[in-house]
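The values are calculated or read from the model by the stated rules, or taken from the named source; none is laboratory data. Note that the coordinates shown come from a computational prediction; the quantities given were computed from them, not determined experimentally. Glycine gets a Cβ as well: all are built from the backbone with ideal geometry, and neighbour counts include every protein chain shown. The area values use the complete protein model at the heavy-atom level, side chains included, leaving out ligands, DNA and RNA. Shrake-Rupley method; radii C 1.70, N 1.55, O 1.52, S 1.80 Å.
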Amino acid sequence: MTSRSSSRRPASRPAAFTVHPTPIGQALVVATDEGLAALQLLEVHVDARDHALAALTEHLGAPLAPGDDATRPITDQLDAYFAGELRGFDLPLDLRAVHGFVRTALEAVCEIPYGAVGSYADVAVAAGSPGANRAVGTACARTPISIAVPVHRVVRNDGSIGEYGGHPERKRFLLDLEERVVRASPGHRISAGV
């Protein structure tokens, strides 16, 4: 994955969004001129999309407008990921609204290889703050970008997978998908985490 990310101030131009189907639910995808700003799996309730859009408008400091053309490079890669054809997203990330340790931890999460896992403790060490396991958990829970920022690859220190926003079944699906793809590869090898 390309972890190019912006730290510029929010733009006044609208960010483009689309809601895209995935095997684990509807994904809200938001793209700005800087890159992928949000990829969130929506909850299943009547106003889920509207609540998520309102929160992201505030988070980004920019209005959101429907934009399938602007989000297509992202949704194409998302489809390829779920088809087992893509192991690393090649997208610029717009993390301008993510600061401090949360950002450092998410950047460390991006270093966990496809098909591997790392513990909260592993990520804390990689982020330069050994012992900040809970803070890593908070960073993973607060990420505006799931899947492309592979917080699903972060597991509890005892090896159990954890909640993944109250949806451990989604996390299990993603981990199993990556494991199947790696195992089906010639000369497969599961690499270590961060």
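Kindly state which helices (runs of 4 or more DSSP H) lie completely within segment 112-194 and contain at least 2 residues that are of a type in the set (Val, Ile, Thr) and under 22 Å from Leu91 (Cβ atoms).
168-184
Which number in (1) at pLDDT below 95; (2) under 19 Å from Phe82 (Cβ atoms); (3) hydrophobic (A, V, I, L, M, F, W, C); (4) open to solvent by less than 50 Å² (accessible area, probe 1.4 Å) marks the one condition that Val98 misses?
Tallying (1) at pLDDT below 95; (2) under 19 Å from Phe82 (Cβ atoms); (3) hydrophobic (A, V, I, L, M, F, W, C); (4) open to solvent by less than 50 Å² (accessible area, probe 1.4 Å), Val98 fails exactly one: (2).
From the set of residues in segment 22-40 that are outside any loop (DSSP other than H, G, I, E, B) and open to solvent by 30 Å² or more (accessible area, probe 1.4 Å), which is nearest to Ile147 (Cα to Cα)?
Checking each candidate, the answer is Gln40.
Could you count how many residues in segment 119-136 are touching a strand residue (DSSP E or B) at 6+ places or on another chain (Cβ under 9 Å), open to solvent by 40 Å² or more (accessible area, probe 1.4 Å) and of a type in the set (A, V, I, L, M)?
The qualifying residues number 1.
Could you go through segment 42-56 and let me know if any residue there is outside any helix (DSSP H, G or I), touching a residue at least 24 places away in the same chain (Cβ under 8 Å) and of a type outside the set (Ser, Thr, Tyr).
No: segment 42-56 contains no residue that is outside any helix (DSSP H, G or I), touching a residue at least 24 places away in the same chain (Cβ under 8 Å) and of a type outside the set (Ser, Thr, Tyr).
State all residues of segment 109-163 that are within 21 Å of Ala80 (Cα to Cα) and without any contact (Cβ under 8 Å) to a residue 40 or more places away in the chain; if no residue qualifies, say none.
Correct list: His152 only.
For Ala80, only one of the following conditions fails: (1) closer than 19 Å to Arg153 by Cβ; (2) open to solvent by less than 40 Å² (accessible area, probe 1.4 Å); (3) in a strand (DSSP E or B). What is its number?
Every listed condition holds for Ala80 apart from (3).
Among the candidates Glu107, Glu169, single out the residue that is at pLDDT 95 or above, open to solvent by 20 Å² or more (accessible area, probe 1.4 Å) and closer than 23 Å to Val44 by Cα.
Exactly one of Glu107, Glu169 is at pLDDT 95 or above, open to solvent by 20 Å² or more (accessible area, probe 1.4 Å) and closer than 23 Å to Val44 by Cα, namely Glu169.
Within segment 60-77, which residues are open to solvent by less than 30 Å² (accessible area, probe 1.4 Å) and more than 13 Å from Leu28 (Cα to Cα)?
Listed by number, the residues that qualify are Leu60, Ala62.
Based on what the data block shows, is Thr57 open to solvent by 30 Å² or more (accessible area, probe 1.4 Å), at pLDDT 95 or above and over 25 Å from Val182 (Cα atoms)?
no
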